[in-house]
1. Taking every DSSP beta bridge with both residues inside the range 36-225, roughly what % is antiparallel (nearest 5)?
2. Looking at the chain, identify the longest residue range that excludes and avoids all trypsin sites (Lys or Arg not before Pro) in DSSP loops having at most 11 other Cβ atoms within 10 Å.
3. Over the chain, what relative contact order in percent results from Cα pairs under 8 Å that are six or more residues apart?
4. Cα-Cα pairs above 26 Å in the range 36-225: how many percent?
5. Are there any helices in the chain, counted as whole DSSP H runs, that stretch 15 Å or more along their axis by Cα and score at least -0.5 on average by Kyte-Doolittle, and if so which?
6. Could you work out the relative contact order of the range 9-119? I mean the mean sequence separation of Cα pairs under 8 Å and 6+ apart, divided by the number of residues, in percent.
7. On full extension of the chain, what length is gained from residue 176 through residue 3, given 0.36 nm per residue of separation minus the C-alpha to C-alpha distance?
8. Calculate the length of the line joining the C-alpha centroid of the range 1-77 to that of the range 99-118, in whole Å.
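Derivation of every value follows stated rules applied to the coordinates shown; laboratory data play no part. Just so you know, these numbers come straight off a predicted model, no measurement behind them. Glycine gets a Cβ as well: all are built from the backbone with ideal geometry, and neighbour counts include every protein chain shown.
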Amino acid sequence: MKHSIDHLLEGFKRFQHQHFGDDGGIFDTLRDGQHPSTLVIGCCDSRVHPPMLMDSAPGDVFTVRNVANLVPPNEPDNPHASVAAALEFAVLSLEVQHVIVLGHSSCGGIRALMQRSTLPDSALGRWLRIAEPARRFVCTHHAGVSQEKQLALAERAAVLVSLENLLSYPWVAERVQQCTLTLHGWYFDMHSGSLWGYDTDARQFLPLVCPLERAREAHRRTMIAA
Ligand SMILES: [Zn+2]
């Protein structure tokens, strides 16, 4: 059965009342330009909407979304120019001060990558090959763990691949070196409702925002049941 999109129009009306009502709103200051401080590179996944996750207002975050939140490496004839173009605009024109690569649990893109035999010979298949180093890392160093564990490890490893690829753009590397731009690797765990960040000193993901106690208990019960 085909679903209606009426609820999306109703949603826009609520947005309209909130931001374009009698009292004016945030777009009074935004309509002439944007000055976001942060670029977020997130997944297309409908459950992982970066501005919603961060409860941020319009104008706060410049967002790029693609399958599995990947950044392609800088290459002379980059076949994936869309992400590079957005990155170039955010860094060179908007002069963002932070770039966050936001990975997440239960990522369908990374799952397809890990089950490589199911990767189509298509745009999607070629795109996911950007994260091939993550798959290789997990298969080499974590061959003995369960598929679900491998998937979670690959989701995190793919964030690190993207962070490394970010540095292949000379104007990114230069600004990172000058400390005018900071790169962040984040991971949203939708099972526990927590947010993790890659700590370069500890060389691992550490909690940025711990799960709420209720979610922690429910997650623990799920793990025991599994
Ligand atoms: Zn995803």
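1. Values: 9 of 26 bridges.
So the antiparallel bridges in the range 36-225 amount to around 35 percent.
2. Numbers: sites that count: 2, 31, 203.
In the chain, the maximal stretch lacking such sites is 32-202.
3. Details: 307 pairs, mean separation 40.1, N = 226.
Across the chain, relative contact order equals 18 percent.
4. Numbers: 5576 of 17955 pairs.
So the pairs more than 26 Å apart make up 31 percent of the total in the range 36-225.
5. Details: long enough: 6-20 (20 Å, -1.09); 147-166 (28 Å, 0.22); 213-225 (18 Å, -1.32).
Both cut-offs are met by 147-166.
6. Details: 121 pairs, mean separation 32.6, N = 111.
Once divided by the residue count of the range 9-119, the mean separation gives 29 percent.
7. Working: separation 173, 0.36 × 173 = 62.28 nm, distance 4.61 nm.
Roughly 57.7 nm would be gained on extension.
8. After rounding, the separation between the Cα centres reads 21 Å.
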